[in-house]
Structure formats: structure tokens, C-alpha cells
Amino acid sequence: MNKKPIRSPSYPSMALSDAVEAVRKIEAEYVTSAVDREIAAKLIGYSSLSGPANKALAALASYGLVERAGKGMMKVSGRARAILHPDSEDEKTENLRAAALEPRLFQDIKERFPDIAIPPEAGVINYLRREEFNPSAVRPAAKAFLETMAFVETLRESDSHVPDGDTGAESYSPDDDTTFGGASVGDLIQWENQGALQLEKPRRVRAISADGLWVAVEGSDTGIPMSQVIVETPAPPMPPQFPPEQPAVAEAVPKGFSEWFRAKVGPDKLVTINFKGEGEIGPKEIEKMIRVLEAQKLALED
């Protein structure tokens with residue numbers, strides 16, 4: 001029997017924010033001139049054009065940040081230049097948003113969750129599994145997508161919080177004793193990015209990603225990097241949780257009998273069915289029990 005082949009999705013091996021920083025290093029040396037791929041790989045931190053290096057360069061291409069420039073050559077794209085050296089913040093934001101949805105896989109996931117800025121991680125993973133992607137590619141692809149969408153969402157939130165005439169977020173210089181990260185659900189936190197506070201006032205943490213790298217606060221779907229979080233007020237300690245009261249232990253099964261079924265039929269009622277005999281209880285025996293129970297029910301109703 002022929003099995004449906006497992007799909008191996010093409011997806012960036014890094015989030016858009018990391019890709020921008022990588023292409024910045026290439027652009028600083030070569031601007032828009034063609035560069036050998038091996039040299040480009042070394043510029044972004046790889047010792048040679050290995051498998052991981054090829055994946056990293058492919059990620060830059062998938063966002064439209066680099067282009068082919070002949071055999072074994074590449075160059076920084078106009079989109080990357082518009083992001084790194086924009087004429088305005090609007091130009092930079094527009095190109096970042098376009099880059100975020102350049103990968104076809106990211107477009108497909110976004111279409112699956114059209115009304116959610118940052119879909120739940122479990123939902124994205126379940127979608128990829130249903131599409132029968134290679135299991136080893138599911139979680140890396142979901143991680144790259146979610147981090148990219150969180151990055152784009154910070155752009156949207158920054159746009160919505162900058163009033164006319166304002167130059168941006170509040171200037172902030174952290175003290176030497178400022179500690180970043182370590183937030184827990186319920187903590188009141190502030191978000192500091194590049195020396196500026198991003199929240200008008202501290203907000204309470206409502207969720208933390210499974211890998212512990214992202215924080216979500218009340219009133220926002222934006223993912224905040226844990227490394228940029230300052231805990232202003234820790235959540236009050238939770239009262240101890242005690243295990244629920246255990247139901248009374250049922251009487252031992254009579255000798256020679258086997259327990260076949262047990263179910264709770266009321267707040268303080270537990271029903272067990274024991275049987276004695278050879279083999280297992282099958283459909284015929286169950287049908288007879290149903291008739292007996294129905295007769296008992298009619299007798300009680302009378």
C-alpha cells in the first residue's frame with residue numbers, strides 16, 4: 001500500500017529579527033556588491049559553507065534580504081537596504097512586514113489563523129502536523145514563525161503608541177542593579193528594549209511560552225522577549241494546593257470474580273460490575289445486561 005509522502009516544508013532557520021542582524025553584517029562589508037557565499041557565511045559567524053551555514057543564508061533569501069548574483073554569489077537586496085537605511089520609519093516598517101510574510105509557509109500559517117496576531121504555539125504545531133510535514137521540521141518551523149510574528153507585532157504596537165510629535169518610547173537608563181528576565185505568571189513587569197521602556201505602565205504576566213523565552217501580558221497579544229523583561233512587582237505567593245479528597249476505597253472483588261466495569265454515577269455513588277466465568281464479556285452479554293437494567297429502571301419508575 002502506497003503511503004502519502006511526508007512533506008518537508010521550506011522554512012527560515014531563524015526569525016526575521018535575527019536575519020536582519022545577520023544581513024547587517026554582510027551589508028556593512030559589501031553594501032550591494034556581489035559576495036561569495038562562503039565569505040558571507042563567515043561574516044555571519046560560520047567557519048565554512050557547512051549545512052547550518054547554507055540554512056542561515058537560505059533564511060536570509062527566504063525573507064528577501066539577499067539575492068542571487070551569479071554562481072556561488074549573492075548580494076544584499078534593496079529590501080534589506082530599505083530596512084537598514086530607511087528614509088523613514090514607515091519605509092522600514094513596511095519592508096519588515098513584507099519580509100515577515102515572504103516565506104510561503106508563513107503565509108499559509110497566517111491564512112490558517114487570520115484573526116490572531118500571534119497564534120498559540122500548540123495551534124501552529126497541530127496545523128503543521130495535520131499538513132503532514134516532516135516531524136523533525138515541525139517545531140523549528142513553528143518557532144521561527146512565532147518569533148517572527150512577535151517581532152512584527154512589536155512594530156504594530158510601537159506604531160499605535162507613538163503620539164503625534166513624539167519621537168518614540170520613554171527614554172530609560174537601567175540601574176546597575178537592574179535584573180532582566182525571571183518573570184513568572186502574575187508578576188507585574190516592564191519591558192525595556194534598546195534603553196527605552198515600551199509599556200506606559202507595568203502589566204501583569206498572563207502567560208509564558210513553553211521554552212521560557214517569551215512573555216505575554218494582560219491586554220496584549222505581543223510576545224515580549226524574557227531577556228528584556230524587568231519584574232517590578234512579583235506575584236503574591238499562591239496558597240498551598242492540597243490533593244482532592246479521595247473517594248472511599250471500594251470493597252475487594254469477591255473471590256472467584258473479576259471486576260469488569262466501574263463508573264461514578266453520582267456525587268457519592270460508585271457502580272462496579274464483577275463477573276465470573278470463562279472468557280471475556282462480549283456484545284451478547286452486554287445486550288443482556290442492558291435489558292436487565294432497563295427492566296429494573298421500569299420497575300423503579302412504577
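The values are calculated or read from the model by the stated rules, or taken from the named source; none is laboratory data. The structure presented is a predicted model; accordingly, all values stated were derived computationally and were not measured. Neighbour counts run over all protein chains shown; Cβ positions are idealised from the backbone, glycine included. The accessibility values were calculated without ligands, DNA or RNA, using every heavy atom of the protein model including side chains. Shrake-Rupley method; radii C 1.70, N 1.55, O 1.52, S 1.80 Å.
Assuming charge only on the beta carbon of Lys and Arg (+1) and of Asp and Glu (-1), the dipole of the chain about its Cα centre is about 1780 debye to the nearest 20. Taking a ≥ b ≥ c as the square roots of the eigenvalues of the Cα gyration tensor of segment 1-102, is the shape rounded (a/c under 1.5), prolate (a/b larger than b/c) or oblate? It is oblate, given that a/c is not under 1.5 and a/b is not larger than b/c.
In nm, what is the difference between 0.36 nm times the number of residues separating GLU132 and GLU94 and their Cα-Cα distance? Spell out each step's value before the answer.
Values: separation 38, 0.36 × 38 = 13.68 nm, distance 3.28 nm.
Using 0.36 nm per residue and subtracting the Cα-Cα distance, I get 10.4 nm.
For the pair TRP260 and ASP115 in one chain, pulling the backbone fully straight at 0.36 nm per residue adds 47.4 nm over the alpha carbon distance. Using a cut-off of 13 Å between beta-carbons, work out the net charge of the residues near LYS110 (Lys and Arg +1, Asp and Glu -1, LYS110 not included). Net of charged neighbours comes to -2. For segment 36-102 versus segment 191-212, the inter-centroid distance based on Cα atoms is 29 Å. Taking every DSSP beta bridge that has both ends in the chain, the antiparallel portion is near 95%.
Could you tell me whether segment 254-302 comes out rounded, prolate or oblate from its Cα gyration tensor? Rule is a ≥ b ≥ c as square roots of the eigenvalues, rounded for a/c under 1.5, then prolate if a/b exceeds b/c, otherwise oblate. Note, shape of segment 254-302 comes out oblate.
Note on ALA207 and GLN107: the model spin-label points, each 7 Å out from Cα along the C-beta direction, lie 2.7 nm apart. Between amide H atoms placed 1.01 Å from N, distances below 5 Å from TRP260 occur with ILE273, ASN274, PHE275, all of them 5 or more places distant or on a separate chain. When the helices of the chain are scored as -39500 (n - 2.57) per DSSP H run of n ≥ 4 and the total is divided over every residue, the value at 222 nm lands at -12500 deg cm²/dmol. Of the accessible area of the chain, computed with a 1.4 Å probe over protein heavy atoms only, carbon and sulfur atoms account for 52 percent. Mean projection of the Cα convex hull over all viewing directions, computed for segment 26-83: 3.5 nm². Calculated on the alpha-carbon coordinates, the convex hull of segment 200-302 measures out at 292 cubic angstrom per residue.
Entry comment: accessible area of the chain is 66 Å² per residue, from protein heavy atoms only and a probe of 1.4 Å.
Count the net charge of all other residues whose Cβ sits under 15 Å from the Cβ of ASP87, scoring Lys and Arg as +1 and Asp and Glu as -1. It would help to have the intermediate numbers written out before the result.
Working: positive: ARG79, ARG81, LYS92; negative: GLU89, ASP90, GLU91, GLU94.
After counting each charged neighbour, the total is -1.
In summary, the helical segments of the chain meeting the span-like criteria, namely a full DSSP H run, a Cα extent along the axis of 15 angstrom or more and a mean Kyte-Doolittle hydropathy of at least 0.5, are 51-62.
Rounded to two decimals, what ratio of Rg to Rh does the chain give with C-alpha atoms and a Kirkwood Rh?
Values: Rg = 29.4 Å, Rh = 24.5 Å.
Expressed as Rg/Rh, it is 1.20.
With the Cα gyration tensor of segment 51-150 giving a ≥ b ≥ c as the square roots of its eigenvalues, does the rule (a/c under 1.5 for rounded; else a/b larger than b/c for prolate; else oblate) give rounded, prolate or oblate? Oblate. Label positions at SER184 and SER10, each projected 7 Å from the Cα along the C-beta direction, are separated by 4.6 nm.
Amide H contacts under 5 Å for TYR11: none, restricted to partners 5 or more places along the chain or on a different chain, H placed in the peptide plane at 1.01 Å from N. Which entries of LYS92/LYS143; LYS42/LYS75; LYS55/LYS92; LYS75/LYS110; LYS110/LYS143; LYS264/LYS288 show an alpha-carbon separation above 18 angstrom in the structure shown? Where the Cα-Cα span goes over 18 Å, the pairs concerned are LYS92/LYS143; LYS55/LYS92; LYS75/LYS110; LYS264/LYS288.
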